[in-house]
Amino acid sequence: MPLRRALPRLVRSPLDALVGFADEAGGEIVRLSFGTFRPYLVAHPEHLQHVLRDNAANYVRDGKGLLWRPVRRAVGEAILVVEGPRWESSRGVLQPLFTAKRVETLVDGMAAAIGEAVDVLDEPARTGQAVDANDALSRIVCQATMRVLFADKISVPDAVRVVAALGTIATAMVPRLLVPFMPYAIPMPGDRAFRDAVQTIDDVVLPIIRETMRQPSDSQDIISTLCRPRSVDGQEISERQIRDDVVAMISTSTETTIAVLSWLWPVLERYPDVATRLNGEIDRVVGAGQIQRSHVAELQYTRMVLDELLRMYPAGWMIPRTAVASETLGRTRIPSGATILVSPYVTQRMAAFWEDPEIFDPERFAPTAPRRQHRYSYFPFGGGPHQCLGQYLFLLEAPLIIATLLSRFRIRLRGAADLTPRMGASLRPQQSAQLTLVPVDRSRAR
């Protein structure tokens, strides 16, 4: 795809352009030409399985690569970026905290924390005051996450500050992602906001890490776990490395939930039939009481809605890889050192694998729906050894948040539903939705 053909489309709408390139190639690999930077867009599920799982050792997250550099500036040598012994060590100590079995034990505490956070919305609901969706979601997710995963070591207000800073970073790095070959010596829009956001994060997390290192405990929270003495390649883990992993885990445990649920409100406004059915299920299953662990399995349509949100608006929309050794993938020779663009957003919107991919349709994920032909036609949490640690957390936390909110309020947008994505490290709507919350009249809810 030569520059003269690719650039105008990428400038108009980068995400639409990438989906278009993949569709037009019929699943074949597309090489995008940007002068000396020529990444390969890999979108066919069979190729993705090879890159992410079958030969994952040959397709690595190169923290020094052009597309990873902005991420590395924010999270340093974190588990999200590094490979080898450093990644294995961090993954090894963190993975037990995120198993499906352990996350299930957190449901009751998570539900209580979510309920307390939603209580704050009673007043704006009573007075008709507008609620900023992003602010509300950030506070709810932070309260739940800080309690069950961080043992309240980070206060909710400080966690909200960190999440806001991570959001700033996600947006501020876009110019660098779009022009990855630009030297950092040349200032670009967003650079100052990026630096200020990193400083905000450090101001919050570094004092907590230092205090935890001075007074270690047996607590199973993320910060205590990461601060326990361990060595990598014979060297003791450093404060900076702990900081990088803590920041990465705050991002992992909050950003996906906030980003994906931010799409729910404009989607429900645009698709009222989906809203009616979702509200009806939550009224039937949860009713006027607090959501319980037993309710989660009964919220079948809620899970279908979440799966479709993840298909259309995956938080991790781009997963760059670097080829270690040259090999032939499909019918294309991939040279050593080549940048590979893997995008759940692209593959999950390709007409070759999804009928009417631009239509929001939870029925795709109904238990009676035909089984998908390709495993990697749907991979919102990545795949292979680097599959997202937080997927089980999301799949329990997100239904709890939706059910708690919709069991207590009917939620309406103020203004038109805007489903235009805003590119960043994760995908969010272009504008944060302003919501009106109407308390549910339980005498009429059924």
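The values are calculated or read from the model by the stated rules, or taken from the named source; none is laboratory data. Keep in mind that what you see is a predicted model, and the values were worked out from it rather than measured. A quick note on method: Cβ atoms are made from the backbone with ideal geometry, for glycine too, and the neighbour counts reach across all protein chains shown. Areas reflect the complete protein model, heavy atoms only, side chains present, ligands, DNA and RNA absent. Shrake-Rupley method; radii C 1.70, N 1.55, O 1.52, S 1.80 Å.
Structure notes:
- Any hit, region 337-344, residues being open to solvent by 10 Å² or more (accessible area, probe 1.4 Å), part of a strand (DSSP E or B), hydrophobic (A, V, I, L, M, F, W, C) and out of contact with any Phe, Trp or Tyr (no Cβ under 8 Å at 6 or more places or on another chain): no
- Taken together, the residues in region 359-381 that are part of a helix (DSSP H, G or I) and crowded, with 19+ Cβ neighbours inside 10 Å amount to 5.
- On inspection, ILE258 fails the criterion of being in contact (Cβ under 8 Å) with a residue 40 or more places away in the chain and in a loop (DSSP other than H, G, I, E, B).
- Residue match in region 241-254 (condition: assigned to a helix (DSSP H, G or I), in contact (Cβ under 8 Å) with a residue 60 or more places away in the chain, in contact with a Pro (Cβ under 8 Å, 6 or more places away or on another chain) and crowded, with 19+ Cβ neighbours inside 10 Å): no
- Among the residues making up region 309-336, those that are in contact (Cβ under 8 Å) with a residue 40 or more places away in the chain and surrounded by fewer than 19 Cβ atoms within 10 Å (Cβ to Cβ) are VAL324, ALA325, GLU327, GLY330, ARG331, THR332.
- When residues of region 226-240 are limited to those that are crowded, with 19+ Cβ neighbours inside 10 Å and in a helix (DSSP H, G or I), the one nearest to the chain's Cα centre (by Cα): LEU226
- Sole exception among (1) open to solvent by less than 30 Å² (accessible area, probe 1.4 Å); (2) touching a His at 6+ places or on another chain (Cβ under 7 Å); (3) under 21 Å from PRO344 (Cβ atoms); (4) of a type outside the set (S, T, N, Q) for VAL286, by number: (3)
- Residue selected from region 185-195 under the condition of a type in the set (D, E, K, R) and free of Cβ contacts under 8 Å to residues at least 12 places away in the same chain, by the criterion farthest from ILE154 (Cα to Cα): ARG192
- Selected residue (criterion: nearest to ASP202 (Cα to Cα)) from residues of region 212-250 that are of a type in the set (Ser, Thr, Tyr) and touching a helix residue (DSSP H, G or I) at 6+ places or on another chain (Cβ under 9 Å): THR212
- Failed condition for THR171, given (1) of a type outside the set (D, E, K, R); (2) modelled with pLDDT of 80 or more; (3) in a helix (DSSP H, G or I); (4) open to solvent by 50 Å² or more (accessible area, probe 1.4 Å): (2)
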